[in-house]
Amino acid sequence: MTVASRPIRHLGFIHLVPFDADAPAAGFRDAIELFRYAEELGLDGGWVRTRHLQRGLPSPAVLFGALAQATERIALGTAVIPVGHENPFRLAEDLATADVLSGGRVHAGLSVHPPGYGDDAVNDLVHDVGWREEDYGYGRIERLRSFLAGDRVREVGEYAGIGGDIDSSRVEPFSAGLADRLWYGGGSLRSAAWAGEADLNWLVSNISSSENGITDFSTAQRAQIDTFRAASPRGDAARVSVARVIVPTDGASDEQAAKYRAYAEARTPRTTQVHGKNTIIARDVLGSLDEIVAFIEGDAAFQAADDYLFELPFEFELADWKQILHQLATRIGPALGWTPRTP
């Protein structure tokens with residue numbers, strides 16, 4: 001049983017920023033154009049995936065530096081940065097630099113897990129040999145937040161006239177408010193409880209976990225959202241974002257619609273079973289305005305969320321992504337009670 005939908009606080013999209021191995025610059029230019037277009041449409045935010053050893057964006061903060069100059073208003077989010085690949089100190093510097101350049105528009109979605117490459121030789125190359133003794137728990141995010149909050153890292157002595165006149169006791173640059181714009185991207189009751197207790201924001205997408213015998217995707221995600229808010233000091237005011245692959249067919253050409261249907265049909269079988277220990281995958285939502293609105297209004301996770309994010313299929317092209325965002329901003333969002341942002 002669902003409750004009435006909360007007002008939509010933030011409507012946006014998630015983009016993998018795919019690129020051709022032999023011509024990567026074109027993929028990054030397309031991403032910049034897509035963010036410009038989304039801002040023109042009045043969408044609230046654009047979020048990017050982080051991918052390593054794949055043809056997807058590995059360095060969100062670098063792209064955000066370019067987007068800060070190409071856009072003026074739209075929020076810039078990460079969904080998510082796997083902090084196991086990062087040094088929290090250096091990541092804090094990069095995120096803060098991007099936040100300063102963008103005027104405080106960065107929302108950093110994060111996750112933690114140990115090195116996941118099956119070959120230890122690959123883990124040695126990627127993470128250096130010290131990964132075997134490294135702690136890849138939630139503490140890495142706590143350390144990152146401390147750096148972003150401007151907590152003291154060291155004592156700085158009085159300037160002695162030889163160097164050191166620009167030394168700082170905290171991570172620089174400091175960007176006020178960035179430490180409050182951290183999200184944990186999770187998919188389990190355990191991570192939901194931790195993120196709530198840590199007073200982070202909560203971000204869920206189209207991959208989650210079956211727990212306590214629940215295999216229905218929406219019901220499982222709703223349980224995580226409820227667990228998160230129950231653990232958060234902000235309670236019901238704690239912020240939640242739900243992301244799913246949603247592909248509107250309205251406004252699509254016949255060729256696009258056929259491609260969209262083939263894409264969704266090919267991915268549907270993976271949503272009908274539990275993978276591994278307890279991984280479940282949401283079915284892609286493909287359809288008309290009425291079908292998409294009906295799905296969202298009947299989905300228990302969306303009904304409990306503050307923010308809605310449409311995950312863009314990375315196999316598509318710029319014209320397809322623009323068509324999806326146009327439908328989202330001009331028809332789907334308004335039908336759900338959302339109002340586009342004006343310049």
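Here are some notes:
- For the chain, the fraction of alpha-carbon pairs in successive 20 Å shells from zero, as %: 29, 60, 11, 1
- Charge tally for residue 275 (other residues, Cβ to Cβ under 15 Å; Lys, Arg +1; Asp, Glu -1): +3.
- Sites residue 273 and residue 23, calculated FRET efficiency, Cβ-Cβ separation with R0 35 Å, nearest 0.05: 0.40
- Global geometry of the range 211-343, whether rounded, prolate or oblate, following the gyration tensor of its Cα atoms and the 1.5 cut on a/c: oblate
- For the range 243-343, size of Cβ-based charge dipole, Lys and Arg +1, Asp and Glu -1, in debye: 260
- Coarse-grained scattering of the range 176-254 at q = 0.17, 0.26 Å⁻¹, given as base-10 log I(q)/I(0) from a Debye sum over alpha-carbon atoms: -0.65, -1.19
- Projected-area mean, the range 1-159, by convex hull of Cα positions, square nanometres: 14.3
- Charging the Cβ of each Asp and Glu at -1 and of each Lys and Arg at +1, and nothing else, the dipole of the range 1-103 about its Cα centre rounds to 320 debye.
- Calculated on the alpha-carbon coordinates, the convex hull of the range 1-90 measures out at 153 cubic angstrom per residue.
- For the range 29-114, the list of GluC sites (Glu not before Pro) that fall in a loop by DSSP and count at most 14 other C-beta atoms within 10 angstrom reads 72.
- Placing +1 on the Cβ of every Lys and Arg and -1 on the Cβ of every Asp and Glu, with nothing else charged, gives the chain a dipole about its Cα centre of roughly 640 debye.
- Selection of trypsin sites (Lys or Arg not before Pro), the range 64-128, meeting DSSP coil and at most 16 other Cβ within 10 Å: 73
Computed from the coordinates by the stated procedures, all read-outs in this text should not be read as laboratory data. Computed from a predicted structure; not experimentally measured. Cβ atoms come from the backbone with ideal geometry, glycine included; neighbour counts cover every protein chain shown.
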